[in-house]
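Q: First, the structure itself, so that you have it in front of you.
The values are calculated or read from the model by the stated rules, or taken from the named source; none is laboratory data. Computed from a predicted structure; not experimentally measured. Glycine also receives a Cβ, built like all others from the backbone with ideal geometry; neighbour counts cover every protein chain displayed.
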Amino acid sequence: MKQKAAVNIRNVALVGPYSSGKTTLLESLLFVTGKLNRKGTVKEGNTVGDSSPEAREHQMSVEISLAKTKYQDIELQFLDCPGSVEFLQETYNALIGVGAAVIVCEPIVEKVLTLAPLFKFLDDWEIPHLVFINKMERANNHYSEILQALKQVSSRPLVPLQYPICQEHDLLGYIDLITEQAYHYHPGSSADPVPLSENLRAEEKQAHAEMLETLADFDDHLLEELLEDIEPPKEEVLQDLKKELGADQIVPVCFGTAELDYGVRPLLDILVKEAPAPELTATRRGLNTQDQSTILQVLKTYYNPQGGRLSVVRVWQGELTEGMMFNDLRTGSLSELTGQQTESLTAAQTGQIVAVSRLEGVNTGDTLISGTGQKLPRIDRLRPVYALAIAPENRRDEVKLTGAINKLIEEDPGLHWEQHGDTHEVILWGQGEIHLRVALERLKRKYNLPMQTHLPQVPYKETIRKATTAHGRYKHQSGGHGAFGDVYLDIKPLTRGDGFNFHDTIVGGVVPKQYIPGVEMGVREYLDHGPLGFPVVDVDITLTNGSYHSVDSSEQAFKQAARIAMTEGMPHCEPILLEPIVTVTMSVPGEFTSKALQLLTGRRGQILGFEPVSNWKGWDQVTGYLPQAQMQDLIIELRSLTLGVGFFQWQYDHLEEVPEKITASVLASNGH
């Protein structure tokens, strides 16, 4: 077991869109720092990141992966985060525990927009971040065009730290804009310093000057030097970069090719020299670093197939040891995670991210405090946007389904489930089709619960247009006491949304008071399944008359009489089908607003309006009503139309009559 002394550590998240190369970059970082003797590849399924069976099956990150290494006496804790928008909850939960993030992207101008939600989140939470443009050897756009596109999605100024050296379409190396030294890449080794060619000198000088001007916006002394044409010392520039990155005022930009280890060493240099130390991050989160309390925050929860629970926690303050008490909770064993591998620890210090066993009842995002201190903010759960109805392939497994799904949601708070009251289906909600597919694969692998799935039923309702009076008599004789109940009911429609009313105008005791609850019960039971086959709403039922038998009448008999009256009367009230209408608010980049409007109207939606998003430059919100029946694949089409970045929120609003043609189709599929 490894004893941990105080450490100088940097926590860094690797984030970026799907296919940008984050997992490959992690392999290169671990290889260059000597943590790995041989790099794995995503294709071969032997990387440190993406080590779960589901990640390897889909060849994409589906949960965070942790790995630690050391570079220049600094411990670097990396969190490789999923890039797919369907797993953003996982990424966001991890990001609040790091000191800095590296946004990994491709050198393709058209794809830069996919970074917008990440930049927005990092800016909103004031998490220091820098950009690593990966796969630079495949760049189809000039470096300046890529930078210009990046500027459009960042609210912080970009500060390029490097300038590419290219020969036609080949990437040969880079110029360090701080030292103004040129380097050529070499596979398997660090880049060699080379003389700066004359044909690049003018471009380098301009890029160097622009970098200094951006930094000078935050440093009056540097500004004075530039105004007096004094070249600032390199140490001053590095100090400015460290200070302004740590304060999340700027976004440094570097580049390379992770697959070939190009640009990885300069990236490591930036992280150890400029990324903020844990104490600075804690201070920016509002913690009192002089307090001796131990403060933890849970970033991720895992369950292994044997049911063991591991909580990945960030130690924000103090020291964590096995068996510590947090209120009435005693911590279990501590370990470091590297992919699927664990290494036992006796203690963890401020800034470390470790796994703790037996934190029962503690959820992702929770804060644990050993003494005094404040709770840390947590990430809101994303509203689910895609659903499947699920049922175990083996009906005997229904009893263990609830427990398994709850564990699944503890691991992945982006999921949600419900037992629908109208359709009686178990519905699993998530952030998209792949998200739910991965969840179902985990249910099968971890809990031996293979599922059958289908699209959820739309919870249609029905109501009536006209009133009627109905009579119901129930009479049954089978030796001994018989059964008798006799009722007259007035059935009337109510205004939409008024629900259900039941009352009586009985006089003279023609229906004894003790039997009237039976009448209401019979009416309510019938309304669960009206003449069109769906629950009935917005009706008023009045018991006006009836008769009884002194011996044979009972509450049960009057219940049956009421059902007979409803069965006879309701078909004469012109029943109509109602569908749930939801309010949808779509958020899209302005260039896709017209497509979002067309998407809404093309699905029988009604546009209520659109306006700019108040705190997100260049984005619009489109609000409208949409039939719930049209929501199932809405997120798939919206993402398809918006390069994957569009999203929506929704909530139930009201019921509305279904158009005649669609009513016929719904009733036909329901056996009417």
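Q: Residues that are surrounded by fewer than 20 Cβ atoms within 10 Å (Cβ to Cβ) and assigned by TED's automatic domain parsing to the domain that holds Asp176, at least 1 per element: which helices (runs of 4 or more DSSP H) completely within segment 85-165 meet that?
A: Hits in segment 85-165: 116-124, 143-153.
Q: Of the residues Leu215, Leu196, which is buried (at least 20 other Cβ atoms within 10 Å of the Cβ), among the aliphatic types (A, V, I, L, M) and touching an Asp or Glu at 6+ places or on another chain (Cβ under 8 Å)?
A: Answer to the check: Leu215.
Q: Right, here's the next one. Looking at (1) in the same structural domain as Arg442 (by TED's automatic domain parsing); (2) in contact (Cβ under 8 Å) with a residue 60 or more places away in the chain, which is the one condition that is false for Gly403?
A: It is condition (2) that Gly403 fails.
Q: Can you report the number of residues in segment 556-603 which are outside any strand (DSSP E or B) and either farther than 21 Å from Pro384 by Cα or out of contact with any Asp or Glu (no Cβ under 9 Å at 6 or more places or on another chain) (or both)?
A: 30
Q: Does Ser61 count as buried (at least 21 other Cβ atoms within 10 Å of the Cβ) and either more than 26 Å from His186 (Cα to Cα) or in the same structural domain as Pro17 (by TED's automatic domain parsing) (or both)?
A: When the stated conditions are applied, Ser61 passes them.
Q: Let me ask something else about it. All but one of (1) more than 15 Å from Leu158 (Cα to Cα); (2) modelled with pLDDT of 90 or more; (3) within 27 Å of the chain's Cα centre (by Cα); (4) not hydrophobic (A, V, I, L, M, F, W, C) hold for Asp248; which doesn't?
A: Among (1) more than 15 Å from Leu158 (Cα to Cα); (2) modelled with pLDDT of 90 or more; (3) within 27 Å of the chain's Cα centre (by Cα); (4) not hydrophobic (A, V, I, L, M, F, W, C), the lone unmet condition for Asp248 is (1).
Q: Considering only segment 272-287, I want to know if a residue exists there that is of a type outside the set (Ser, Thr, Tyr) and within 30 Å of Tyr447 (Cβ to Cβ).
A: Scanning segment 272-287, I find no residue that is of a type outside the set (Ser, Thr, Tyr) and within 30 Å of Tyr447 (Cβ to Cβ), so the answer is no.
Q: Would segment 654-665 turn up any residue that is modelled with pLDDT under 95, of a type in the set (D, E, K, R), loosely packed, with under 14 Cβ neighbours inside 10 Å and not assigned by TED's automatic domain parsing to the domain that holds Ala116?
A: Yes, the conditions are met somewhere in segment 654-665.
Q: List the strands (runs of 3 or more DSSP E) that sit entirely inside segment 450-495 and contain at least 3 residues that are at pLDDT below 95 and surrounded by fewer than 21 Cβ atoms within 10 Å (Cβ to Cβ).
A: So the answer is none; nothing clears 3.
Q: Tally the residues that are without any contact (Cβ under 8 Å) to a residue 12 or more places away in the chain, loosely packed, with under 13 Cβ neighbours inside 10 Å and assigned to a helix (DSSP H, G or I), restricting the search to segment 222-247.
A: Residues flagged as without any contact (Cβ under 8 Å) to a residue 12 or more places away in the chain, loosely packed, with under 13 Cβ neighbours inside 10 Å and assigned to a helix (DSSP H, G or I) within segment 222-247 amount to 3.
Q: Might you check whether a residue that is in a loop (DSSP other than H, G, I, E, B), assigned by TED's automatic domain parsing to the domain that holds Val584, of a type in the set (Gly, Ala, Ser) and closer than 26 Å to Glu86 by Cα occurs anywhere in segment 625-647?
A: yes
Q: Follow-up question, since we're still on this one. Anything in segment 531-561 that is among the small types (Gly, Ala, Ser) and closer than 16 Å to His572 by Cα? List them, or say none.
A: Scanning segment 531-561 gives a single hit, Gly533.
Q: Test Val251 against the stated conditions and say whether it is of a type in the set (A, V, I, L, M, F, W, C), touching a residue at least 12 places away in the same chain (Cβ under 8 Å), closer than 30 Å to Ala404 by Cα and crowded, with 19+ Cβ neighbours inside 10 Å.
A: Against the criterion (of a type in the set (A, V, I, L, M, F, W, C), touching a residue at least 12 places away in the same chain (Cβ under 8 Å), closer than 30 Å to Ala404 by Cα and crowded, with 19+ Cβ neighbours inside 10 Å), Val251 does not qualify.
Q: Which members of segment 593-639 meet the condition of being among the small types (Gly, Ala, Ser) and in contact with a Gly (Cβ under 9 Å, 6 or more places away or on another chain)?
A: Hits for segment 593-639 are Ala596, Gly605, Gly609, Gly618, Gly624.
Q: So which residues in segment 364-377 are in a loop (DSSP other than H, G, I, E, B) and buried (at least 17 other Cβ atoms within 10 Å of the Cβ), if there are any at all?
A: Thr364, Gly365, Asp366, Ser370, Gly373, Leu376 - these are the residues of segment 364-377 that are in a loop (DSSP other than H, G, I, E, B) and buried (at least 17 other Cβ atoms within 10 Å of the Cβ).
Q: For segment 50-61, check the following and say yes or no: at least one residue is assigned to a strand (DSSP E or B) and either under 24 Å from the mean Cα position of the chain (by Cα) or touching a residue at least 40 places away in the same chain (Cβ under 8 Å) (or both).
A: Looking through segment 50-61, none of the residues is assigned to a strand (DSSP E or B) and either under 24 Å from the mean Cα position of the chain (by Cα) or touching a residue at least 40 places away in the same chain (Cβ under 8 Å) (or both).
Q: Another question, then. Quick check on this structure: which one of Gly618, Gly624, Gly644 is within 22 Å of the chain's Cα centre (by Cα) and surrounded by 13 or more Cβ atoms within 10 Å (Cβ to Cβ)?
A: Gly644
Q: Could you list, in sequence order, the residues of segment 15-31 that are surrounded by fewer than 21 Cβ atoms within 10 Å (Cβ to Cβ) and not in a loop (DSSP other than H, G, I, E, B)?
A: Matches in segment 15-31: Phe31 only.
Q: List the number of the failed condition for Thr423; all other conditions in (1) among the β-branched types (Val, Ile, Thr); (2) under 30 Å from Cys573 (Cα atoms); (3) crowded, with 19+ Cβ neighbours inside 10 Å hold.
A: (3)
Q: Report yes if Glu228 is under 30 Å from Ala277 (Cβ atoms) and among the charged types (D, E, K, R), otherwise no.
A: In short, no.
Q: Only residues that are within 28 Å of Val362 (Cβ to Cβ) and buried (at least 20 other Cβ atoms within 10 Å of the Cβ): list them for segment 388-408, please.
A: Ile390, Ile405, Leu408
Q: The conditions are (1) modelled with pLDDT of 95 or more; (2) β-branched (Val, Ile, Thr); (3) within 28 Å of the chain's Cα centre (by Cα), and Ile108 fails exactly one of them. Which is it?
A: Here Ile108 meets the rest and fails (1).
Q: Next question, about the same structure. Looking only at segment 298-332, filter to residues that are polar (S, T, N, Q) and surrounded by fewer than 22 Cβ atoms within 10 Å (Cβ to Cβ); which one of those is modelled with the lowest pLDDT?
A: Gln306
Q: Tell me which residues, restricted to segment 336-352, are among the polar types (S, T, N, Q), in a strand (DSSP E or B) and over 16 Å from Glu27 (Cβ atoms).
A: Residues satisfying the conditions are Thr342, Ser344.
Q: Only one residue in Ala387, Ala355 is within 30 Å of Gln632 (Cβ to Cβ) and either assigned to a loop (DSSP other than H, G, I, E, B) or not basic (Lys, Arg) (or both), so which one is that?
A: Ala387
Q: Right, here's the next one. Examine segment 550-563 for a residue that is in the same structural domain as Pro512 (by TED's automatic domain parsing), touching a Gly at 6+ places or on another chain (Cβ under 8 Å) and of a type in the set (Phe, Trp, Tyr), and state whether such a residue exists.
A: yes
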